[in-house]
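One structure is given here, and the rest of the page talks about it.
The values are calculated or read from the model by the stated rules, or taken from the named source; none is laboratory data. Because the structure is a prediction, the values reported are computed rather than measured. Areas reflect the complete protein model, heavy atoms only, side chains present, ligands, DNA and RNA absent. Shrake-Rupley method; radii C 1.70, N 1.55, O 1.52, S 1.80 Å.
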Amino acid sequence: MFNQEVYVSRRAELKKLVKSGLIVLFGNNESPCNYPNNGYYPFRQDSTFLYYFGQRREGLVGVIDIDNDKEILIGDDIDIEDIVWYGSVDSVSDLAAQVGVANTAPMKELAHIVEGRQVHFLPPYRFDTKIQIMDLFGIHPDQQKAAASVELIKAVVKMRQCKSALEIAEIEKACAIGYRMHTHAMRLTRPGVSEKYIGGQVDGMAHSLGEHESFATIFTQHGEIMHGNPSYNLLEEGRLALCDAGAENAENYCSDNTRTFPVNGKFTQRQLEIYSIVEACHDYALEVAKPGVLWYDVHMNVCRLMTDKLKEIGLMKGDTEEAVQAGAHAMFLPHGLGHMMGLDVHDMEGLGQNYVGFDDEIQPSTQFGTNALRCGKRLQEGFVMTDEPGIYFIPALIDDWRSQGLHKDFINYELLETYKDFGGIRIEDDILITSDGCRFLGEERIPYHPKDIEAFMAEQAG
């Protein structure tokens, strides 16, 4: 938890931005697995609640009464049975005092507090919160996203999108854990080891050094599957392993990196040809990302570079600009270049992509591939972004587009057929937008240049 003044200042700024009414920020509750007392799923506090109220205990609601300049932490103190099983914890009034909130109330008082008031709440994403909102305001869960306060959403996005020095320091700590996770995966990778084993080891590193992983770890030799969670399959000679993993540190700030490396520690020439294209796209984004530049333009310029280089090896053809405008490049890159990151690995996306990654100047595309770009707006100093280009050979997508004759003027389907067993490659790093450009986050760089990967894996094998 940060110093008390951090939370006091944040809530004061939020009041100024929203101007009037009652802000209600719902914390999260426990999520049992297969019966009520099996708390298998680790508790994770709502990120916006964390940002303004700082406390990680379940069953809390933060109320900010702008009109009366009053703040209330709502929650019930635990009883003796809870203490027997889980030990003593701070009272709700203690928790409130720690973050500079003067007033508390039990949960049964919340309905009385909000009665007859103009209430601002954020789009809920958990079913228990949706039930709570329905009980309080009579709004059916299907209608709650539309009923959420646009004023509050925009205010939260405005405050959370530019990271403070304190926040950047926490993200750096998460990146340090991420470095350990990824280098551990490289160290363990070899033919005959299961994806599941390595994925479990990666998760264990996150749990032992921080809170937990920042999202479900992806570790697979089928890198063409965007979210390829570890299977029980054994790693095979000649294949590539893709590891997309990140950590949440003790303050719940996130990291997110991807590395792709050969199972046997040595790239083939064909693998190097594709890898070098992704590597060039990754490094190009680092050169051009800076304040005032649309992230959409960074993405599209990366797509142009990728198309040029795919033309050099014969997988694409025709005019580059026409190919990119038509969306032919999405055969190989069906997702966006990157997303915002902070307290959420995909920062604030629950508040609505149109508000978080886009704005009045630019809205999301409807074109396949580009419609998966999660951020397009102008970069500002303090933004934390992921830079994650990739090239994927997805057999079902190849068959689907070829059967329809899609983009046949730009894609060499005959050659593409020979890549159906290739898999996929992605390289991802976390970057901070600075006053005049951008920089990597994390003091230690996870190897990503081919010679560095091969040297690291050879050293570990030796």
Task: Under 5 Å, built H, 5+ apart or other chain: amide partners of Gln55 - done: none
Open item on the list: Which order do you get for Arg11, Arg126 if you rank them by accessible area with a 1.4 Å probe, largest at the top?
Closed with: Arg126, Arg11
Task: Percent antiparallel among DSSP beta bridges (both partners in the stretch 59-195, rounded to 5) - done: 60
Task: Sequence-distant residues sharing a close amide H with Ile411 (under 5 Å, placed H) - done: Lys317
Open item on the list: Rounded, prolate or oblate for the chain? Axes are the square roots of the Cα gyration tensor eigenvalues, ordered a ≥ b ≥ c, and the cut-off for rounded is a/c under 1.5.
Closed with: prolate
- [ ] With a/c under 1.5 counting as rounded, go ahead and sort the stretch 1-150 into rounded, prolate or oblate using the C-alpha gyration tensor (a ≥ b ≥ c being the square roots of the eigenvalues; past the cut-off, prolate if a/b is larger than b/c, else oblate).
- [x] oblate
Open item on the list: With a cut-off of 8 Å between alpha carbons and a minimum separation of six or more residues, what is the relative contact order of the chain in percent?
Closed with: 14
- [ ] Starting from the Cα of Lys19, draw a straight line to each of the aspartates and glutamates and keep only those under 15 Å, dropping any in the same chain fewer than 8 residues away.
- [x] Asp65, Asp67, Asp69, Glu71, Glu151
- [ ] Give me the percent of DSSP beta bridges within the chain that run antiparallel, rounded to the nearest 5.
- [x] 90
